[in-house]
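Only one structure is covered here, and it is reproduced in the block below.
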Amino acid sequence: MAGARSVGSLPVPNVQALAEICNDPDEHIPERYIRPEASSEEVINNYQGDMAIPIIDLKKLLCPQSSEEECVKLRSACQYWGFFLLINHGVPDEVIANLKRDIVDFFSQPLDTKKEYTQLPKQSIDAYSSETKSLALCLFEFMAKAVGAKPESLLDLFEEQPRGLRMAYYPPCRQADKVMGLSPHSDAGGLTLLLEINNVQGLQIKKDGKWFSIDAPNGALIANIGDTLEILSNGKFRSVEHRAVINPNKERISAALFHYPSENMVISPLPEFVKDGKVKYRSISYLDFMKQIFTQQLDGKNRVEVLKLDQ
């Protein structure tokens, strides 16, 4: 239910029309939007200790006195969770504030006005893009270092490659227990950095068969591993299923920044990550991998699992 899009060949009304349907007790939500799992599956909130999503402090990663200990936490986060909260990431507060302002302003515009935009005013996006580019490259270096690989092993694959910013608007819905903001999925690329624009939470990740709600501190970024990075790391990093749920009373706005490999790349485990000699995934071109993703979204198979060699 995030924004205006199409599902298969079915026409989909704009997000304002969907919001009106969801918030009118006399209206019935169209059948194609009903998701029974929205209320039937267990969701864990307010978790603590070993059940809490890892928090990685970039300032500690960069500090010689604390870097080794923080690298151990980063490795564990990437291996067992596939997600982590990133604090002290160095993106200036002003840059984030300007981006949030422009995105909120865009979504507050009437539909006809939105259609006139090709993209948001370039200045705030360009500033955010510039700051997060260096941040992502820094994370790629530390991820490699965390598992004993050369820091440049991942950096070389993503340094000058495409990135994409996707903004999502999830309207409030009084019938939130019947719908899903974004169905369960994993990300195809390398690394995703998510920013909660208006501090309304709705992201849930799946771990050990259970859904965990992610409550990100104000200003933190939510980082997650994509399918491509799981394969490149030979399974040392995990790409995990996640979804977005709807808030019954508040709108939720988020901005996800995706980091992709070259479209001409052949994806396979990197030698630096295969030190025991056992390659766990077969090779596949990135373009074929993307074609496979759209095919498997129809039959529900996990697209990374089918590339494993030990099946």
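Hey, any hits in the range 264-278 for a residue that's at negative phi, of a type in the set (A, V, I, L, M), touching a strand residue (DSSP E or B) at 6+ places or on another chain (Cβ under 6 Å) and surrounded by fewer than 20 Cβ atoms within 10 Å (Cβ to Cβ)? If you could, list the steps in order and put the result at the bottom.
Step one: of the range 264-278, the residues at negative phi are 264-276, 278.
Next, only the ones that are of a type in the set (A, V, I, L, M) stay: 265-267, 270, 274.
Going one step further and asking which of them are touching a strand residue (DSSP E or B) at 6+ places or on another chain (Cβ under 6 Å), we end up with 266-267.
Among the residues that remain, those that are also surrounded by fewer than 20 Cβ atoms within 10 Å (Cβ to Cβ) are: 266.
Yes, the range 264-278 contains a residue that is at negative phi, of a type in the set (A, V, I, L, M), touching a strand residue (DSSP E or B) at 6+ places or on another chain (Cβ under 6 Å) and surrounded by fewer than 20 Cβ atoms within 10 Å (Cβ to Cβ).
Identify all residues within the range 249-280 that are in contact with a helix residue (DSSP H, G or I) (Cβ under 8 Å, 6 or more places away or on another chain), part of a loop (DSSP other than H, G, I, E, B) and of a type in the set (A, V, I, L, M); write none if there are none.
Met265, Leu270
Can you confirm whether Leu135 is in contact with a Pro (Cβ under 6 Å, 6 or more places away or on another chain) and open to solvent by less than 70 Å² (accessible area, probe 1.4 Å)?
Working: in contact with a Pro (Cβ under 6 Å, 6 or more places away or on another chain): no; open to solvent by less than 70 Å² (accessible area, probe 1.4 Å): yes.
For Leu135, the condition - in contact with a Pro (Cβ under 6 Å, 6 or more places away or on another chain) and open to solvent by less than 70 Å² (accessible area, probe 1.4 Å) - is not met.
Yes/no per residue for (1) crowded, with 20+ Cβ neighbours inside 10 Å; (2) of a type outside the set (Phe, Trp, Tyr); (3) touching a residue at least 24 places away in the same chain (Cβ under 8 Å):
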site: Asp156; (1), (2), (3): no, yes, no
site: Glu160; (1), (2), (3): no, yes, no
site: Tyr169; (1), (2), (3): yes, no, yes
site: Asp177; (1), (2), (3): no, yes, yes
site: Leu182; (1), (2), (3): no, yes, yes
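Does any residue of the range 233-242 turn out to be more than 12 Å from the chain's Cα centre (by Cα), acidic (Asp, Glu) and under 26 Å from Arg35 (Cα atoms)? Break it down into steps so the answer makes sense when it comes.
First, the residues of the range 233-242 that are more than 12 Å from the chain's Cα centre (by Cα): 233-238.
Retained after the next criterion (residues that are acidic (Asp, Glu)): none.
No.
Does Asn88 satisfy the condition of being modelled with pLDDT of 90 or more, touching a helix residue (DSSP H, G or I) at 6+ places or on another chain (Cβ under 6 Å), buried (at least 17 other Cβ atoms within 10 Å of the Cβ) and closer than 23 Å to Leu194 by Cα? Break it down stepwise before answering.
Values: modelled with pLDDT of 90 or more: yes; touching a helix residue (DSSP H, G or I) at 6+ places or on another chain (Cβ under 6 Å): yes; buried (at least 17 other Cβ atoms within 10 Å of the Cβ): no; closer than 23 Å to Leu194 by Cα: yes.
When the stated conditions are applied, Asn88 does not pass them.
Could you pull out the residue among Glu152, Glu160 that is at pLDDT below 90 and within 24 Å of His89 (Cα to Cα)? Steps first, please.
Working: Glu152 fails: at pLDDT below 90.
Within the list Glu152, Glu160, the selection yields Glu160.
Take Glu141 and decide whether it is free of Cβ contacts under 8 Å to residues at least 60 places away in the same chain, assigned to a helix (DSSP H, G or I) and under 30 Å from Asp208 (Cα atoms). It would help to see each step written out before you state the result.
Values: free of Cβ contacts under 8 Å to residues at least 60 places away in the same chain: yes; assigned to a helix (DSSP H, G or I): yes; under 30 Å from Asp208 (Cα atoms): yes.
Taking the combined requirement at face value, the residue satisfies it.
Return the pairs, sorted by first residue and then second, in which the second residue is assigned to a strand (DSSP E or B), the first residue lies in the range 84-95 and is over 20 Å from Lys73 (Cβ atoms), the beta carbons are less than 8 Å apart, and the residues are 6+ apart or on different chains.
Val91/Leu221
Could you list, in sequence order, the residues of the range 78-102 that are part of a helix (DSSP H, G or I), closer than 27 Å to Phe212 by Cα and aliphatic (A, V, I, L, M)?
Scanning the range 78-102 gives a single hit, Ile96.
Yes or no, residue by residue, for (1) assigned to a strand (DSSP E or B); (2) charged (D, E, K, R); (3) at negative phi; (4) open to solvent by less than 40 Å² (accessible area, probe 1.4 Å):
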| position | (1), (2), (3), (4) |
| --- | --- |
| Phe212 | yes, no, yes, yes |
| Asp215 | no, yes, yes, no |
| Asn218 | no, no, yes, no |
| Ala223 | yes, no, yes, yes |
| Leu229 | no, no, yes, yes |
| Asn234 | no, no, no, yes |
| Arg243 | yes, yes, yes, yes |
| Asn247 | no, no, yes, no |
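Go through the range 91-101 and give me each residue that's closer than 12 Å to Asn198 by Cα and open to solvent by less than 50 Å² (accessible area, probe 1.4 Å). Even if it seems obvious, please write down each step before you answer.
At the first step, the residues of the range 91-101 found to be closer than 12 Å to Asn198 by Cα are 96-97, 99-101.
Matches in the range 91-101: Ile96, Leu99, Lys100.
The values are calculated or read from the model by the stated rules, or taken from the named source; none is laboratory data. Remember, it's a predicted structure, so these values are computed and weren't measured experimentally. Glycine gets a Cβ as well: all are built from the backbone with ideal geometry, and neighbour counts include every protein chain shown. Protein only, heavy atoms only, side chains kept; ligands, DNA and RNA dropped before computing areas. Shrake-Rupley method; radii C 1.70, N 1.55, O 1.52, S 1.80 Å.
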